[in-house]
1. Taking residue 44, is it more than 10 Å from the ligand (Cβ to nearest atom) and farther than 26 Å from residue 185 by Cβ?
2. Quick one: count up the residues across the range 232-271 that are crowded, with 18+ Cβ neighbours inside 10 Å and in a loop (DSSP other than H, G, I, E, B).
3. How about the range 342-378: which of its residues are among the polar types (S, T, N, Q) and either part of a helix (DSSP H, G or I) or within 26 Å of the chain's Cα centre (by Cα) (or both)?
4. Mind listing whichever residues of the range 309-327 are within 25 Å of the chain's Cα centre (by Cα) and either buried (at least 24 other Cβ atoms within 10 Å of the Cβ) or more than 17 Å from residue 47 (Cβ to Cβ) (or both)?
5. Looking at the range 283-295, is at least one residue in contact with a strand residue (DSSP E or B) (Cβ under 6 Å, 6 or more places away or on another chain), assigned by TED's automatic domain parsing to the domain that holds residue 394 and in contact (Cβ under 8 Å) with a residue 40 or more places away in the chain?
6. Out of all the residues in the range 118-131, which are under 17 Å from residue 82 (Cβ atoms) and either within 13 Å of the ligand (Cβ to nearest atom) or in contact (Cβ under 8 Å) with a residue 40 or more places away in the chain (or both)?
Amino acid sequence: MRINIIGGGYVGLVTAVCFSELGYEVHLVEIDREKAGAINRGIAPIYEPGLDNLLKKHIHRNLTVSGEYQEIVESEFTFMCVGTPPAPDGSADLRFIRSASRSLGSTLKDAKDPHTVVVKSTVPPGTTGTIVAPAVLEASGRQDGSITFAMNPEFLREGQAVGDFFHPDRIVIGCGDDGACRRVAALYDGIDAPLVMTGLEAAEMIKYVSNAFLATKISFSNEIGNICKKLGIDVYEVMRGVGLDSRISPHFLNAGAGFGGSCFPKDVAALVSLAESIGEEPLILKSVMAVNEQQALRMVTLLESRIGDLRGKQIAVLGLAFKDNTDDIRDSRAIPVIQALVERGALVRAFDPLANTAMAKVFPGIMYYESAEGALSGADACLVMTEWPEFSHLDNEFDRMASRVIIEGRRILSCDGKEGICW
Ligand code: NAD
């Protein structure tokens with residue numbers, strides 16, 4: 001069985017490597033030549049635990065990569081994993097989906113064998129049926145039913161993506177055609193997870209609603225945390241008691257500096273935009289975003305209330321990635337915090353175990369350090385923005401600060417004298 005994957009980013013590369021591990025012949029198309037070249041040399045352009053080893057194991061064996069579409073012709077499946085970034089109005093920008101669909105269609109023109117196109121990217125309901133399918137069918141000229149379409153949303157968490165592929169909570173497959181659904185489901189044989197077979201649009205919607213619900217839990221916990229802090233109550237104690245209710249579950253109740261990453265902010269924004277486009281006012285979703293926007297800036301307000309005017313002050317920022325175990329800084333909450341610090345004239349001393357290089361492209365003018373200790377030396381205050389487990393061991397390192405003002409945006413430290421953003 002041959003599978004093609006379009007787009008070699010976080011989702012596409014993990015999917016390609018994991019399908020290779022399941023024994024399929026996989027071909028990855030990645031138009032970014034630099035990324036494709038690195039993958040070809042067995043080097044993952046992103047950090048993801050376990051990914052490098054699997055890539056080295058399969059590259060040039062049952063996994064190949066190219067910058068063009070030519071080799072797609074001889075396969076039975078194509079998974080579309082290109083990005084769907086936010087447009088300026090918050091809606092999903094589908095230009096990569098459109099162009100990948102056209103390119104794929106052209107390469108399927110001369111093929112005769114049945115082919116199933118599976119959209120894995122997060123796309124608004126209707127996209128697979130009304131944008132991908134017509135573009136592929138028109139470019140291929142194959143209107144005879146030999147190309148079918150499915151939607152298989154991805155739920156991986158960065159930092160544990162490989163584990164999530166092999167042990168997902170569920171596999172969702174949406175189709176207009178039962179046969180295509182069954183063929184896609186068969187690719188996951190051997191993976192023990194509930195299978196949800198549904199329509200194309202329901203599958204597309206399941207992804208948005210899952211992310212929106214998780215984001216809602218976070219913003220809800222943050223709002224409760226803000227109230228608890230004023231009342232002198234530990235929100236983590238509160239949420240421990242709340243989360244043991246099986247109707248609620250303990251997950252995603254950690255109050256802090258808000259959610260970031262490439263998915264939650266953009267997917268909630270896209271759902272808001274979708275709702276508004278059909279005349280609905282999504283009050284809860286808008287509040288989820290509003291709480292999130294102001295939450296990160298509470299770090300800076302709290303800091304000012306502790307050390308006053310920030311002009312000329314040295315502020316250590318520990319953690320730049322949007323979460324631990326990744327080098328991804330997309331929409332990281334460290335970004336608005338550093339921006340606000342810089343605007344107030346503070347001198348930022350940043351450290352992240354993996355994300356210094358990525359953040360240096362966003363903020364080339366701040367100082368980066370190779371260790372937490374380096375960033376803390378002489379600092380007037382410290383803000384913790386990412387829950388890196390190694391930060392939990394920091395203690396004497398804080399003695400190197402000019403003054404020991406430590407504010408956590410993620411509950412991770414175990415040292416004395418720290419204060420939480422909302423605990
Ligand atoms: P990404 O930006 O890391 O990767 C997308 C890749 O597609 C890029 O490397 C880009 O060069 C490539 N590309 C763009 N156009 C192409 C084309 N025409 N042909 C071939 N390659 C092309 O994005 P990602 O984080 O992997 O996300 C991909 C999709 O999956 C998005 O819709 C996202 O919302 C969704 N998703 C992401 C995650 C996550 O944690 N990153 C989780 C679940 C779902």
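The values are calculated or read from the model by the stated rules, or taken from the named source; none is laboratory data. All values reported here derive from a predicted model rather than from experimental measurement. When we count neighbours, we look across all protein chains shown, and the Cβ atoms used for this are built from the backbone with ideal geometry, even at glycine.
1. Yes; evaluated as a whole, the condition is true for this residue.
2. Final tally of qualifying residues: 11.
3. 356, 357, 371
4. 317, 318, 319, 320, 321, 322, 326
5. So far as the range 283-295 goes, no, none of its residues is in contact with a strand residue (DSSP E or B) (Cβ under 6 Å, 6 or more places away or on another chain), assigned by TED's automatic domain parsing to the domain that holds residue 394 and in contact (Cβ under 8 Å) with a residue 40 or more places away in the chain.
6. Within the range 118-131, 118, 119, 120, 121, 122, 123, 124, 127, 128 qualify.
Yes/no per residue for (1) under 22 Å from residue 203 (Cβ atoms); (2) within 16 Å of the ligand (Cβ to nearest atom); (3) not charged (D, E, K, R):
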| residue | (1), (2), (3) |
| --- | --- |
| 76 | yes, no, no |
| 133 | yes, no, yes |
| 143 | no, no, yes |
| 150 | yes, yes, yes |
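Table: residues versus (1) closer than 21 Å to residue 370 by Cα; (2) hydrophobic (A, V, I, L, M, F, W, C); (3) in contact with a Ser or Thr (Cβ under 9 Å, 6 or more places away or on another chain); (4) at pLDDT below 95.
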| position | (1), (2), (3), (4) |
| --- | --- |
| 289 | no, yes, yes, no |
| 292 | no, no, yes, no |
| 299 | no, yes, no, no |
| 303 | no, yes, no, no |
| 313 | yes, no, no, no |
| 320 | yes, yes, yes, no |
| 329 | yes, yes, no, no |
| 333 | yes, no, yes, no |
| 346 | yes, yes, no, no |
